[in-house]
1. Exactly one of these conditions fails for Leu159: (1) of a type in the set (A, V, I, L, M, F, W, C); (2) exposed (fewer than 13 other Cβ atoms within 10 Å of the Cβ); (3) assigned by TED's automatic domain parsing to the domain that holds Tyr66. Give me its number.
2. Provide a single number: the residues in segment 127-140 that are over 15 Å from the mean Cα position of the chain (by Cα) and closer than 16 Å to Ala282 by Cβ.
3. Within segment 78-116, how many residues are surrounded by fewer than 21 Cβ atoms within 10 Å (Cβ to Cβ) and either of a type in the set (S, T, N, Q) or touching a helix residue (DSSP H, G or I) at 6+ places or on another chain (Cβ under 8 Å) (or both)?
4. Take the residues in segment 224-247 that are under 15 Å from Gly289 (Cα atoms) and either modelled with pLDDT under 95 or of a type in the set (Val, Ile, Thr) (or both), then tell me which one is surrounded by the fewest Cβ atoms within 10 Å (Cβ to Cβ).
5. Looking at the structure I just gave you, is Leu179 within 18 Å of the chain's Cα centre (by Cα), at pLDDT 95 or above, surrounded by 12 or more Cβ atoms within 10 Å (Cβ to Cβ) and under 18 Å from Arg263 (Cα atoms)?
6. Please specify each residue of segment 270-283 satisfying the condition of being under 8 Å from the mean Cα position of the chain (by Cα) and farther than 15 Å from Tyr297 by Cβ.
7. Which residue pairs have Cβ atoms closer than 6 Å, lie 6 or more positions apart in sequence or on different chains, and pair a first residue in segment 247-272 that is closer than 13 Å to Gly176 by Cβ with a second residue that is buried (at least 18 other Cβ atoms within 10 Å of the Cβ) and hydroxyl-bearing (Ser, Thr, Tyr)?
8. Within segment 127-141, is there a residue that is in contact (Cβ under 8 Å) with a residue 12 or more places away in the chain and surrounded by fewer than 18 Cβ atoms within 10 Å (Cβ to Cβ)?
Amino acid sequence: MRGFVLAACLALGLGLAQPFVVKDARGQAVVVRSIERIVSLNGVTTEILFALGVGDKVVGRDTSSYYPAAVNKLPTVGYQFQLNAEGILALKPTLVLGREDARPPQVFDQLAAAGVTVVRVPDKPTLEGAKEKIRTIAAAVGQVERGEALVRALERDLLVLRSKQRQATAKKTLKGLFLYLRGTQVTYVCGEGSNPVGMMELAGIANAAKGIKDCAQMTAEAVVAAQPDVIVVFTRGLESVGGLEGLRKLPGVMQTPAGQAGRVVAIDDLYLGGFGPRAGRAALDLFVGAYERQGLYIAGEPAQP
């Protein structure tokens, strides 16, 4: 938090004139001298930049960036885990923001060697992690006050969720299993440390994939051992396997309470896994789908115009 306070004081002292100083995910103080040409290498980072009012400064994005809809007009520089410096440098950025685990890591060394300022953004799948992410990006672009407004809005959304949870009639905590699907040949079970599971826990759904860290290849044994009450998937993932009926044909699914009841919650990828300004609303949608609906529930906000 001290890093954010330092950035805020510097920004206020300079009348919000550049340069800005931000403490990044590595704990390093980064001096940002210009935000005139920003390249964002992560979907929720792009979302936050637009929410902070600096979307007009963004000149490029990675392929995980598709919200708000206006970003789809921007050129892409590849996927955040398969980057190359040449495509990024071609956009002549003055500032590049990417997740702390974006790769390959040497790309960031190449950008720095070319004189480009790079800010590595923290990505912890928790409520506090969402706040830290917003504050880091806000400090990097000199919008500390707007960043705090986004944090307050997130906290208000969480109050709505907590109220719903207190009023819930369910007598037990449901167990949820998140499946990452990209067709029937790319299937993973995700557990502790993954963003969707962090969102499930925020929504009051217990992680059924005990003993699995991040994501592991989906097996019938892992699914059956989890015995989830509800299965959570990305909307596009569900579509990729042929909808609910296709999901129920995957190994082990019909040997679980969730599979037998067809109890599945599908949510937009970025909305569920982003842990950004909409995290409170996403957790509320997930709670509603798990605790207040039966069968298949497809949630998620529509893309903004």
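The values are calculated or read from the model by the stated rules, or taken from the named source; none is laboratory data. Because the structure is a prediction, the values reported are computed rather than measured. Because the Cβ atoms are built from the backbone with ideal geometry, glycine has one as well, and the counts that use them run over all protein chains shown.
1. Every condition holds for Leu159 apart from (3).
2. 0
3. Result for segment 78-116: 11.
4. By that ranking, first place goes to Thr235.
5. yes
6. Leu270, Gly273, Gly274, Phe275, Gly276
7. Partner pairs satisfying both residue conditions: Val265/Tyr297.
8. The answer is yes; a qualifying residue exists.
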